[in-house]
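Encoded as structure tokens, the structure appears first; notes follow it.
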Amino acid sequence: MTDTRLGRLMEAEMRDQPRVLAALADRFTRIGSEVAELFTRAGEGFVDSSDGGAARSNHAAAGDPAGVADSPVGVAEGPVGVAFLARGSSDNAALLGRYAVELQTGLPTCLVAPSIATAYGREPAGFRGWLLIALSQSGRTPEIVDLTGRYIAAGAKVVAVTNDPDSALARIADYTVALEAGPERAVPATKTVTAQMLAVLAIASGLGAGGMTQLEAAELPAAAADLLADGGAVERAAELLATVDRLAVVGRSACYPAALETALKLQETTGLMAHGFSSADFRHGPIAVTGPGAPALLLAGSGPADTDTLSLREPLSARYAPIVLAGTATEAPITWPALGNLGECLLATIRGQQLALAVARELGIDADHPTGLAKVTLTH
């Protein structure tokens, strides 16, 4: 029998996700609109929003020290490109944002490689007119704060996504989306990750038509609550995964960031050698890591790319690899509802959190305090 006292903080923070997501869903349209205003008011400050400090403009109050106010006022209608800056779990939320922006706008997007500047000394250039979305749960990671300042100097507008609206990152951004998730004390990030995911979908909604709507965002809290109340199939899957030492976690499109985040949660909570893959990349060689003692966890929602993930079952079976299926398919033992939008990434991520906690408990590990890890990782 597993010890449910282990990982109590992580479990409590997971169960807080419906509240956090509901508060963000209430601000969903406002966030998107105010991000869009950064480019219609180029060079101008704007009045702080009235949502209790949840989002605000900072450069006007700071005298715009980076000099980005030199750009023409009122000319731009949107960014010419979007860059995402993050590390760790925040990087997985950033990947979801990249999908959303590319899908809705067709704009060039990129995930910033921080070491290009911090290790190799190459300063960012050519980013005037771009939007940089900087994600850091604490807002204190030195390289994220440092790089954000460099992109501001290069002419980018900056939106910070952080749980601390008074952090160093928030203070230098043009606009801050505060997650308002409350304290998160367990080392594995849970409620701040899904909050970041919803925040980037809100940001993307302001950049182009056809993105998630506020009504669709409002469906997520109840869906999350239903999943969190349903752990039976997850616990049965955890019994299998607690007996192996390596695992492939596979998804595509909206489920790819969730696959990466699930693999990360399993790594940090259990020490399992879990690795996340796009189903397309998985076919290009990594499928060879699976076999009788090396299962695959398939995350497949209701999107057009998810059929590719489901089709992996035949080659995996031919390798005698155990398969754990989670998603919207009727035969999936671990389920989430078919929403038909990128919000399914959040639901897949919650299933991954549940699985990581359940495996840790099977192994007798306290997921709240993984050996050798700290809550805030101060990379430079």
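Only a single criterion out of (1) among the hydrophobic types (A, V, I, L, M, F, W, C); (2) outside any helix (DSSP H, G or I); (3) at pLDDT below 95 is not satisfied by residue 116, namely (2).
Taking (1) over 17 Å from residue 299 (Cβ atoms); (2) surrounded by 24 or more Cβ atoms within 10 Å (Cβ to Cβ); (3) not aliphatic (A, V, I, L, M) in turn, residue 251 satisfies each apart from (1). If the condition is being charged (D, E, K, R), assigned to a helix (DSSP H, G or I) and surrounded by fewer than 21 Cβ atoms within 10 Å (Cβ to Cβ), then region 258-290 contributes only 281.
The set of residues in region 163-194 being in a loop (DSSP other than H, G, I, E, B) and among the charged types (D, E, K, R) consists of 164, 166, 174, 180, 184, 185.
Per-residue answers, yes or no, for (1) assigned by TED's automatic domain parsing to the domain that holds residue 191; (2) touching a Gly at 6+ places or on another chain (Cβ under 9 Å); (3) within 29 Å of residue 77 (Cβ to Cβ):
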position	(1), (2), (3)
94	yes, no, yes
106	yes, yes, yes
112	yes, no, yes
123	yes, no, yes
135	yes, yes, yes
142	yes, no, no
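Every residue in region 220-257 that is in a helix (DSSP H, G or I) and touching a Gly at 6+ places or on another chain (Cβ under 6 Å), please. Listed by number, the residues that qualify are 220, 255. Screening the candidates 235, 239, 216 for the property of being of a type in the set (Asp, Glu) and surrounded by 18 or more Cβ atoms within 10 Å (Cβ to Cβ) yields one hit, 216.
Across region 355-377, a minimum of one residue is classified as touching a Gly at 6+ places or on another chain (Cβ under 8 Å), part of a helix (DSSP H, G or I) and within 18 Å of residue 226 (Cα to Cα).
Residues in region 291-311 that are assigned to a loop (DSSP other than H, G, I, E, B) and within 22 Å of residue 272 (Cα to Cα): 292, 293, 295.
Candidates are the residues of region 63-109 that are modelled with pLDDT of 90 or more and among the acidic types (Asp, Glu); the one that is farthest from the chain's Cα centre (by Cα) is 102.
The values are calculated or read from the model by the stated rules, or taken from the named source; none is laboratory data. None of the values given here were measured: they were computed from a predicted structure. FYI the Cβ positions are ideal-geometry reconstructions off the backbone, even for glycines, and counts take in every protein chain you see.
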